[in-house]
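Accompanying notes for the structure given below.
The values are calculated or read from the model by the stated rules, or taken from the named source; none is laboratory data. What you see is a predicted model, and the numbers here were worked out from it, not measured in a lab. In this analysis, Cβ positions are derived from the backbone assuming ideal geometry, glycine residues included, and neighbour counts consider all displayed protein chains.
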Amino acid sequence: MWLRPLRIGIPLLLACQLAHAQATKPAQKGLALTVRARVVSVQREAYPEALLVLEPMGTESIPKGTLPERILARAYLLRTQGRVRVFTVPDNITGAQAYYLLPGDVVQGSLVSPKGGKVWTLRDLKRANLSPPRPKAASSVRLELSTDATEYSTGTPIRLLLAVTNVGRDAVTLSHPSGQHYDFSVRAQGREVWRWSAGRAFTTALSTTQIAPGETVTFSEVWGQRDSSGEPVQPGTYEVQGWLNATGQLALTQSSAEIQIRGAKASTPPRATRPRAPAPAAQAPTSPVTNIDDIAARSRTFTNRVVTLEGSFQGQEGSSRDPLLRGGQPLSRKDWVLEDASGGIWANGDGGLMMDPTRDLGMRLRVEGIVRRTATGRVYLKVWEVHRLADAQ
């Protein structure tokens, strides 16, 4: 009689241990799990391919430890006509959404573990936050997007500048989920036509950016008026967007600006005329040079305006006689003085020229940048490009 409990108890104990082991062991190859995950980064390749870094979000149906903390995944896409994808197929309609995801988005779908390699497959992709409220920027950080003009002729490169200013009293640390710190996109009638990060590779390692009180960190890129496939865009109105790829309160914080691209006017056929002697070759047009005293006299008008200045490098000690130099360096100890015949202004950034305060004092320069103002009202020049004047002419 005493053997009967053992016959029942031992199999029951073994069954419980087996069920627990199956619930806690890592995902097997080919296993499909329905998950929700946060998008850490998006590496866009040839449309509609995109490599995602995801952070699976815990659910009651998936025991802790079943999935890694971060996984690489691609949305499932089907080729139906040879090597061509047809976007009337439901799998391709849902899979193409991955190309347009942003860091911070929450997605859900069936995650299939890799049969070989490290990349998982995400099927039945859906955005879990279809209309997410964009978090407001921290009160101490101001984000501003600007372009070097508001109207452009067809084919003219467009310079984009995203400025992040710490207007608070304490230093700010921006946490980036990958090596991509920022991004730009261009939209027309609500449709994205170009994105700076598309096709670029970024490290998945975490990184940070430190911004001192009153300091402005800028990110600058150039858009060549071509869409994601490399074709020239048509004249019209475009919305340029720039945002930080940051976690926490600054995630998805963005700024935008509107630009106009004007097409060339249709030309009428030339009438027959007498031959003329060839005219001398015209010199390439250059940006008009602004006097520094004009900036000092109309600082609010010049704020956020792109200017070109010519003057001499005067090291890192400003004269109190010039109104824009009073109070010392406005942002950092690396700020330097550009001086022309009318006055001086503090410049932040060297445009890659790396002037030496002892060796290059008095060097003649042509400087292009944007006039900025600190939280305390100090006016300075955020430098984009610097050329020795002899090289610039």
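Overview of results
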read-out	value
Residue in region 318-338 that is more than 23 Å from A171 (Cα to Cα), among the small types (G, A, S) and at pLDDT 85 or above present	no
Answer residue from region 228-248, given it is in contact (Cβ under 8 Å) with a residue 60 or more places away in the chain and among the small types (G, A, S) and is surrounded by the fewest Cβ atoms within 10 Å (Cβ to Cβ) among those	S229
Looking only at region 159-192, and only at residues there that are among the hydrophobic types (A, V, I, L, M, F, W, C) and surrounded by fewer than 19 Cβ atoms within 10 Å (Cβ to Cβ), the one that is nearest to S332 (Cα to Cα)	A171
Test: residue in region 280-289 that is farther than 22 Å from L162 by Cα and modelled with pLDDT of 85 or more	yes
When residues of region 210-227 are limited to those that are of a type in the set (A, V, I, L, M) and assigned to a strand (DSSP E or B), the one surrounded by the fewest Cβ atoms within 10 Å (Cβ to Cβ)	V222
Number of the condition not met by Y99 [criteria: (1) farther than 26 Å from G179 by Cα; (2) modelled with pLDDT of 75 or more]	(1)
Qualifying residue in region 290-298 (condition: outside any loop (DSSP other than H, G, I, E, B), surrounded by 14 or more Cβ atoms within 10 Å (Cβ to Cβ), charged (D, E, K, R) and at pLDDT 65 or above)	yes
Hits in region 190-216 - residues which are more than 15 Å from the chain's Cα centre (by Cα), in contact (Cβ under 8 Å) with a residue 12 or more places away in the chain and under 30 Å from I261 (Cα atoms)	V193, T216
Region 117-153, subset under 16 Å from A37 (Cβ atoms), at pLDDT below 75 and not small (G, A, S), residue nearest to the chain's Cα centre (by Cα)	P132
